[in-house]
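Comments concern the structure below.
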Ligand SMILES: [Fe+2]
Ligand SMILES: [Fe+2]
């Protein structure tokens, strides 16, 4: 099929409140210069879902001149206001609420949301890790099934879907395995995610076949093992090319981790994956 190539910028974990201003200014320049077809932001727009953080996030996103779709991250649900957390968790997106899980209108390509962020998890506390509820998976599968034949499907989620960490079997995303099988069975082209603050481009084997998992790094000061970055994704026919772009011109392959860790905290345990560039901060960045 003779489609023109599409270029997406995949951003994640900007964490307004602790954003990296120079990295964001560079992203703005890249968008202006290269005019990508669309922007997908896979969550954690803010640090603590504070009003002033959302105001800054909304102003920045509204200043961009291209189609944008936004996923909700675990940091984007109010912590302190429990009433809002449970009954109106997305209210603070106000001015960009129409961009949350928005359709991008691209030719023969759909970016379909999958909710992995929950208001509460009865199995565990804290509630920062992912959980794909039955309802969330059903909604995503229905949206996939509603696409015209021949549409290439990308899924956008905040958390990677890996259910258990390899070296110690620790539970990461609840129902991740079942979800990955269902998505591989639907032949989705890739799942885009954030939350980890390091980029990756991996293929997971599931009972229903392989599933490509693409993670974007962070544009905040909360570094894990790579400098601030975003993913450029070029889709040409069935081919998808991912480049982890960064201000420091580190080669994309040196930015990528080879396994999915539990979270975005800098790796202190030798079992945890570290990107070849090895930019692990000596002191943990602030978390609030
Ligand atoms: Fe994050
Ligand atoms: Fe997160």
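What follows draws every value from the coordinates through simple rules; no lab data is involved. Note that the structure is predicted; figures quoted are calculated from it, not measured. So basically every Cβ, Gly included, is an ideal-geometry build from the backbone, and we count neighbours across all protein chains shown.
List of remarks:
- Residue satisfying all of: in the range 201-230; closer than 20 Å to residue 5 by Cα and in contact with a helix residue (DSSP H, G or I) (Cβ under 9 Å, 6 or more places away or on another chain); farthest from ligand 1 (Cβ to nearest atom) among these: 201
- Residue list for the range 17-36, restricted to those being surrounded by 12 or more Cβ atoms within 10 Å (Cβ to Cβ) and in contact (Cβ under 8 Å) with a residue 60 or more places away in the chain: 18, 19, 20, 23, 24, 26, 27, 30, 36
- Residues that are away from ligand 2 (no atom under 15 Å from the Cβ), at positive phi and surrounded by fewer than 20 Cβ atoms within 10 Å (Cβ to Cβ) number at least 1 in the following strands (runs of 3 or more DSSP E) confined to the range 127-232: 209-217.
- Of all residues making up the range 254-288, the number that are in a loop (DSSP other than H, G, I, E, B) and farther than 27 Å from residue 50 by Cβ: 20
- Within the range 37-55, if we keep just the residues that are crowded, with 18+ Cβ neighbours inside 10 Å and more than 16 Å from ligand 1 (Cβ to nearest atom), the residue that is farthest from the chain's Cα centre (by Cα) turns out to be 37.
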